[in-house]
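The values are calculated or read from the model by the stated rules, or taken from the named source; none is laboratory data. Note that the coordinates shown come from a computational prediction; the quantities given were computed from them, not determined experimentally. Cβ placement follows ideal geometry from the backbone for every residue including glycine, while neighbour counts extend to all protein chains displayed.
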Amino acid sequence: MKKKNKLSRIIQWFFEEDVNQVPANNEAEAIELGPIQIILILAMTALLLVWIFFEPIKAFFYPPQPAANEYIEKYIEKNYFARNPGLENNDFSKGFEHWVTSDGGRLFPDSKSLAMIDTKDFHSAPSSLKIECVSPANRYHYSKKVINGLVNNAYSFKQTECWLGVLPGDQLSGSFWYKGDIVKFSINYLREDGEWKNLESVSGVAASQWTQLAINKKLPQDARAIMIEITLNQAQDMSAPVVWIDDVILKIENPVKINE
Ligand SMILES: [Ca+2]
């Protein structure tokens, strides 16, 4: 009851009603506490209004994300192959450098997908990449940066290390050597709107000897970048596929020179 009396006195004080009706011995207390509480209420209301309506403050806490085309324009170079004629560590002589998986792979001990650098069986010395996949699909991608690990979503346009910038109409040439079970080698391309599509895929049959597969394709006019995807899938009730990969080549024929 005491709280209710205080509140009614505060309301009375706020609307400048006759506070003399309040007993004299409680009046001082009511007038002293009222403004503080009102100030607090007003301050909280003001903060709430600022939070809801003041866009610059909202933008500070939640900066707007650039559109896909702006992001790609800013972060993916247009002509990667003019400066980089080939892929780094394409022969796996430096272990996993520049190669990343978008599956659990070797990073997660509990994962059934395994990958290792094999120094005993290779197409070119001193080593190859050996991948064993149980489930789910095991994917490997080339990364411009030495990440040595996992990428969550290699297809995202924000995964700029996996997307190699190209020019529309570039003539692409890719190949790789493999041995073992069925493996799929894909080149995907990224459009300026952030959507990606498969450009071409080749799947090899099971091979006991080192075998080469190749892709030669002209890039469409809306291609902005390309990526490598090596995929292993396990068929239901089948044993885990095991594949060795080596000497991955990806290049643009006669890339346009950049004048600097
Ligand atoms: Ca090798």
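For (1) free of Cβ contacts under 8 Å to residues at least 60 places away in the same chain; (2) touching a strand residue (DSSP E or B) at 6+ places or on another chain (Cβ under 7 Å); (3) farther than 24 Å from N89 by Cα, each residue gets a yes or a no:
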site	(1), (2), (3)
D181	no, yes, no
S201	yes, yes, no
T211	yes, yes, no
A223	yes, yes, yes
I228	no, yes, no
T231	no, yes, no
Q236	yes, no, yes
V248	no, yes, no
Pairs where the first residue, in segment 117-133, is within 6 Å of the ligand (Cβ to nearest atom) and the second is part of a loop (DSSP other than H, G, I, E, B), C-beta under 7 Å, 6+ apart: S124/D91; S127/F92; S127/S93; S127/T119; S128/F92; S128/D121; S128/F122
Residues that are surrounded by 11 or more Cβ atoms within 10 Å (Cβ to Cβ) and either assigned to a loop (DSSP other than H, G, I, E, B) or of a type in the set (V, I, T) (or both), drawn from segment 236-260: A240, P241, V242, V243, I245, V248, I249, I252, E253, P255, V256
Among the candidates S128, S135, S156, S143, residue that is modelled with pLDDT of 90 or more and closer than 24 Å to D181 by Cα: S128
Residue list for segment 213-235, restricted to those being assigned to a strand (DSSP E or B) and of a type in the set (A, V, I, L, M): L213, A214, I215, A225, I226, M227, I228, I230, L232
Tally, over segment 31-52, of residues that are in contact (Cβ under 8 Å) with a residue 24 or more places away in the chain and out of contact with any Phe, Trp or Tyr (no Cβ under 7 Å at 6 or more places or on another chain): 2
Residue in segment 185-194 that is out of contact with any Asp or Glu (no Cβ under 7 Å at 6 or more places or on another chain) and under 12 Å from E229 (Cα atoms) present: yes
Leading residue by the ranking (farthest from S173 (Cα to Cα)) among those in segment 54-87 that are in contact with a Gly (Cβ under 8 Å, 6 or more places away or on another chain) and of a type in the set (S, T, Y): Y71
Every residue from segment 53-85 that is aromatic (F, W, Y) and either closer than 16 Å to Y189 by Cβ or without any contact (Cβ under 8 Å) to a residue 12 or more places away in the chain (or both): F53, F54, F60, F61, Y62, Y80, F81
Matching helices (runs of 4 or more DSSP H) fully within segment 50-115 where at least 1 residues are at pLDDT 90 or above: 68-75, 80-83
